[in-house]
1. Is it true that residue 10 is closer than 14 Å to residue 73 by Cα and without any contact (Cβ under 8 Å) to a residue 60 or more places away in the chain?
2. Looking at 63, 28, which one is more than 10 Å from residue 5 (Cα to Cα) and either assigned to a helix (DSSP H, G or I) or over 23 Å from the mean Cα position of the chain (by Cα) (or both)?
3. For the stretch 21-38, enumerate the residues that are in contact with a strand residue (DSSP E or B) (Cβ under 7 Å, 6 or more places away or on another chain) and surrounded by 12 or more Cβ atoms within 10 Å (Cβ to Cβ).
4. For the condition farther than 23 Å from residue 84 by Cβ and not in a helix (DSSP H, G or I), what is the one hit in 7, 22, 46?
5. Give me the pairs: first residue in the stretch 89-102 and more than 16 Å from residue 3 (Cβ to Cβ) and in the same structural domain as residue 46 (by TED's automatic domain parsing), second residue assigned to a helix (DSSP H, G or I) and at pLDDT 95 or above, beta-carbon distance under 6 Å, and six or more apart or on different chains, which are they?
6. Considering the stretch 106-120 alone, what residues qualify as being surrounded by 12 or more Cβ atoms within 10 Å (Cβ to Cβ) and in a helix (DSSP H, G or I)?
């Protein structure tokens, strides 16, 4: 069994080589991250596995990849780049990376909460325009943090939002996140409620 990483940049190529272990299937690395879908059949040849970072794989292109049996998409949003059901009907299974980006998303959410509490964004815009806004901000010591995670379809794990206690000021209480689906919000939350404090969910 042979694999081809079809669209690696220098960083991903280096990681792939570093993680390679004895006994792994051979992996050819294509360092042209601007490869086009039309180039994939020739690039893959008779390889059974395609590792894809960001290149589209239309179903008709997949059908031209004569040996292709598995696609490993380096993320979770494979549907933005291919149709897993149509490929499966042609004997090609699409695999995703479970939990991809969960930590990064949680860290960005925490960073945005810090920035919001202190008003960094409007102060930055003001300074760039030559104005000092002097926003006082909210001090987080002794506050309680609660988080609601709005999910469209597949929930990301929100566990990382409950960050290590060392990240928060002394006395800050961190509550477990509450998952709220789109369908739940659309039927339970009114615009009036969500404009300030949601009282219905």
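The values are calculated or read from the model by the stated rules, or taken from the named source; none is laboratory data. The model shown is predicted, which means the values in this text are computed figures rather than measured ones. FYI the Cβ positions are ideal-geometry reconstructions off the backbone, even for glycines, and counts take in every protein chain you see.
1. So residue 10 fails the test.
2. Step by step, each of 63, 28 is checked, and only 63 is more than 10 Å from residue 5 (Cα to Cα) and either assigned to a helix (DSSP H, G or I) or over 23 Å from the mean Cα position of the chain (by Cα) (or both).
3. 27, 28, 29, 30
4. Working: 7 fails: farther than 23 Å from residue 84 by Cβ; 46 fails: farther than 23 Å from residue 84 by Cβ.
The conditions single out 22.
5. So the pair list comes out as 90/63.
6. Taking the stretch 106-120 first, the residues surrounded by 12 or more Cβ atoms within 10 Å (Cβ to Cβ) are 106-107, 109-110, 112-120.
Once the filter is applied, which keeps residues that are surrounded by 12 or more Cβ atoms within 10 Å (Cβ to Cβ) and in a helix (DSSP H, G or I), the stretch 106-120 yields 106, 107, 109, 110, 112, 113, 114, 115, 116, 117, 118, 120.
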